[in-house]
Amino acid sequence: MPAPDSGATTPPAAPLPVQRHLFEIPDDVAYFNCASVSPQLRAAREAGEAAMRRRARPWLIGTDQWFTEVEERRTLFARLVGVDADGVALVPATSYGLAVAAANLTAAPGQRVLLLAGEFPSSYYTWQAFARRTGATVTTVERRDGQTWAEAIRDALDERAAVVTVPAAHWTDGAAVDLDTVAPLVRAAGAALVVDASQSVGALPLDLGAIQPDFLVTVGYKWLLGPFGLGYLYVAERHRDGAPIEDNWINREGSQDFARLDYQDTYQPGARRFDVGQHSHFETTPMAIAALRQLLDWGVPRVAATLARTTARIEEEVSAHGLTLTSSDRRPNLLGIRLPARAQRRVAAALAEAGVFVGVRGPAVRVSPHLWTTEEDIARLVGALAVAVPG
Ligand SMILES: Cc1ncc(COP(=O)(O)O)c(C=O)c1O
């Protein structure tokens, strides 16, 4: 690493070649919906099949395996986001992680929770319930034309803010929320920062050491390429002696000793107290491990560089067709193509008939490729859009 004042900069990460051979996507399918659910890696499917065979014979599962694979999964995720494994809790869904955050934060009546317009419903509902409980209000941050999300948050922030809850990429169209800018503003206002990174972890580098969120949550089945039900919650050290939202046996100290009959008031170390019950997930944990290993092997900066190149190509092609994006300041992994109102309801089905799979979120077609995406896929997408949304 160069010395801070050496003037040297880290060279940008090199894009990776197409990795389609690692997935099972037929040639006539152009899948652009990673922001919804990623296809499984072959390696993850194989790991899952082996795990199912093992699960059929539980006498082959030793007591240590209730803990070892889970810890490997925790450690691999921690490595991917550059934190200590002690800071990671294993949660089934974003809503669960957000519920842990909400249960461990406070607000006085009249204080505010700031969240972005169009935020994902699991986040909205969690903070709405938090506001009902605490007497705080939920304040929706809107951005004016030409404004970045960071500027809109800065304008909305004042001493009334108790919690600011943001993504790094807006889930509808990939609009960037610059957390390096937002985080110090939130800290200076004395508010807690909660990040829903479901549309960014695995797809773009996030420096948690610099951002220092109070809580950061992500699902595992999108940009982490893993199975359903295996998500992650990063918990800042200052909250690690907080209250879990359920009281399961395996999070208590000494649970490894199955012969013990006494009850324990103390927990497993770090953020493990927030793990969901039955976190061992014998059937699917090996799938998550295989996917996390692959991501670490590629390296997130290279994944991001590849996605940036792919989405830039898509942007170029759809712009040539006269279509515009809903956000120009977007993250590298997804983009929203603005649709005329008349096309909004039918476009996804029309594209699917042509073997092109996208999401439609509000007024935009959401396009989210990954390392399986080829030039042929892009041509298929643009061709199908030209038919479905004639210029
Ligand atoms: C930003 C964001 N958060 C969370 C989720 C999933 O939420 P949950 O895990 O509560 O089902 C999604 C799924 O689309 C999402 O886009």
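The values are calculated or read from the model by the stated rules, or taken from the named source; none is laboratory data. Everything quoted here is computed from the prediction, not taken from an experiment. Note that we place each Cβ from the backbone using ideal geometry, even for glycine, and neighbour counts take in every protein chain shown. Only protein heavy atoms, including side chains, enter the accessible area calculation; ligands, DNA and RNA are left aside. Shrake-Rupley method; radii C 1.70, N 1.55, O 1.52, S 1.80 Å.
Data for the structure
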{"item": "Which numbered condition Arg53 misses (of (1) over 30 Å from Arg366 (Cα atoms); (2) part of a loop (DSSP other than H, G, I, E, B); (3) free of Cβ contacts under 8 Å to residues at least 12 places away in the same chain)", "result": "(2)"}
{"item": "Close pairs from segment 27-40: first closer than 22 Å to Ala169 by Cβ, partner basic (Lys, Arg) and open to solvent by less than 50 Å² (accessible area, probe 1.4 Å), Cβ under 7 Å, at least 6 apart", "result": "Cys34/Lys222; Ala35/Lys222; Ala35/Arg366; Val37/Lys222; Ser38/Lys222"}
{"item": "Meets criteria (part of a helix (DSSP H, G or I), under 26 Å from Val276 (Cβ atoms) and open to solvent by 60 Å² or more (accessible area, probe 1.4 Å)) for Asp155", "result": "no"}
{"item": "Pick from segment 158-186, criterion within 12 Å of the ligand (Cβ to nearest atom) and of a type in the set (Ser, Thr, Tyr), ranking: most open to solvent (accessible area, probe 1.4 Å)", "result": "Thr172"}
{"item": "All positions within segment 176-186 that are out of contact with any strand residue (DSSP E or B) (no Cβ under 8 Å at 6 or more places or on another chain) and outside any loop (DSSP other than H, G, I, E, B)", "result": "Asp180, Thr181, Pro184, Leu185"}
{"item": "Residue count for segment 250-290, restricted to those that are open to solvent by less than 40 Å² (accessible area, probe 1.4 Å) and not in a helix (DSSP H, G or I)", "result": "10"}
{"item": "Where a residue in segment 104-132 is in the same structural domain as Thr94 (by TED's automatic domain parsing) and over 15 Å from Ala162 (Cα atoms) and its partner, wherever it lies, is surrounded by 15 or more Cβ atoms within 10 Å (Cβ to Cβ) and of a type in the set (Phe, Trp, Tyr), with Cβ under 6 Å and at least six apart", "result": "Phe120/Trp171"}
